[in-house]
1. Using the membrane-span-like helix rule (whole DSSP H runs, Cα extent along the own axis of at least 24 Å, mean Kyte-Doolittle hydropathy at least -0.5), which helices of the chain qualify?
2. I want the local charge near Arg310. Using Cβ-Cβ distances under 12 Å, sum +1 for each Lys or Arg and -1 for each Asp or Glu among the other residues.
3. Give, as ranges by residue number, the residues of segment 269-305 whose backbone N falls under 19 Å from the point 7 Å along Cα→Cβ of Leu388.
4. Pull out the extension gain between Leu148 and Val116, defined as 0.36 nm times the separation in residues minus the alpha carbon to alpha carbon distance; nm, one decimal.
5. Give me the accessible area per residue for the chain, probe 1.4 Å, as a whole number in Å².
6. According to a simple spin-label model (label point 7 Å from Cα along Cα-to-Cβ), what is the distance in nm between Val398 and Glu217?
7. Could you give the distance between the Cα centres of segment 335-396 and segment 130-157, to the whole Å?
8. Relative contact order (percent) for the chain, with alpha-carbon contacts under 8 angstrom and 6 or more residues of separation?
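The values are calculated or read from the model by the stated rules, or taken from the named source; none is laboratory data. Worth saying up front: this structure is predicted, and the values here are computed from it rather than measured. As a convention, Cβ positions derive from the backbone with ideal geometry for all residues, glycine included, and neighbour counts pool all protein chains shown. Side chains included, ligands, DNA and RNA excluded: accessible areas come from the protein's heavy atoms. Shrake-Rupley method; radii C 1.70, N 1.55, O 1.52, S 1.80 Å.
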Amino acid sequence: MWRRPSAGLWAAAGVAGLGFLVALEIAARHYGLPGPITNQAREVVFTPKSGPLLYASMALTMVVLTWRERFIAAGVAIGIDVVLLLVKVAVGARVGGHCFGNGALWVMLGCAVIAVTRRTGQERILLLKGVGLGLLLVAGRKAGDTWLLITSKTRPTVLDQYVATADHALGDPSWLVGRMVRATGPIGTHLLDWVYIQLAVAAVCVALYQLRNVVAEGRFPRHHVVRTFLAIGLLGPGIYMIFPVVGPVFAYGPGAFGTGGGHWAVAELWPNTPLPITTPNPMPYDGITPRNCMPSLHTAWATAIFVHSRQGPRFLRFAGTFWLVATLTATLGFGYHYGADLVAGVVFALTVEAALRAQARGWDRSATWLVAHGATVFAALLVSYRYLSTEMAEHPWVFGPLIMLAMVSVIDGYIRTTRRWEPACAPTRRPERRLELV
């Protein structure tokens, strides 16, 4: 039986989250760089890294406001951004990247102050939860950036040769899709790049639909896409530390976005020249490029968006499907991931989603089996990529279908189990026709 978490549990979760951010801040300072807390504090005044993300986070906070309050909050945020932009231009400050977003952060912080000073009881709790939800999305992004820094500094060698060799069993999809994306020219490249970067904004769009009744009901739903999104971002980087991989464009290509990692490549083979089958070995790589490939968290996040959009209207379902397909195309076509990363990302996402849904509704045998099955398949994939990669490459018609069947088994198990969790809908009875005597 599910019970609503007490205030003590919410407070404990908040303290644990703050402690985690402090630990990441200390780790980043150890390498002479600012951590998530410092970077977030700077965005109160300085140009933010992602203005759309800050406004998307503010939109999450606004689900607890009335429509009048939402219009006021949006107007205040835009007004603050305009004023700050004019001040920066007047003093000759450098304006780069997204020159907006500070106002959204100010509004979220202002809502927190209003909740503490002007609201009481359930209204205060609801508003604080809304602020916390918005700030969690921003903090998750900052924490993720610090995690990537830590992976590049603490993992001097990467396992790309193992994953690239295992990817022969799947037909080297990154090489194939990479050539296809290049053939689309700048239009296709820019569209996919925008989809890839704004994945968190897509998640917020789905969340806004799921949270549309928060004000009317006076509470948040037990489970929504933001919970899964944050859990994936929290757990995924830990796997990066266990299985460090940089991706084909770095290990076998010129690198990306001026990182300079291309000169560490084995050879410049991606995406035109298929890889020869050789004995893989750990390879050294630079201390800048994140080891953020295994699993593909962009695939995991896009899968979560797709799953949660299934309960929405037709447009939302279409958007969720488009975002999943476009994200998979971008991850492969830009050379950021191997096909094996994507398979692991799907399994990882469905396992996390199943665990969170089970936590929200109450654990039972079906939930335990589903999560255990997903975790087992995920672990088996990683072990196979590491220790059976040569056999996979030499027998693609055996291991390729086995990899796909393992992923399909998790997908099928998730669909079958979660359908049984859905409340049964009583059939609608048609009104009986009355015969009138004339």
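1. Details: long enough: 7-30 (35 Å, 1.32); 67-90 (34 Å, 1.43); 121-154 (46 Å, 0.52); 225-242 (26 Å, 1.69); 314-333 (28 Å, 0.99); 339-361 (33 Å, 0.98); 365-387 (32 Å, 0.73); 396-421 (37 Å, 0.61).
Taking the DSSP H segments of the chain (at least 24 Å long, mean hydropathy at least -0.5), we get 7-30, 67-90, 121-154, 225-242, 314-333, 339-361, 365-387, 396-421.
2. Values: positive: Arg314, Arg317, Arg419; negative: Glu353, Glu422.
The answer is +1.
3. Hits in segment 269-305 for Leu388 at 19 Å: 278-281, 295.
4. Length gained between Leu148 and Val116: 8.0 nm.
5. On the way: 22560 Å² over 438 residues.
Each residue of the chain exposes 52 Å² on average to a 1.4 Å probe.
6. 5.1
7. Here the two parts' Cα centres lie 22 Å apart.
8. Numbers: 624 pairs, mean separation 80.4, N = 438.
Over the chain, the number comes to 18 percent.
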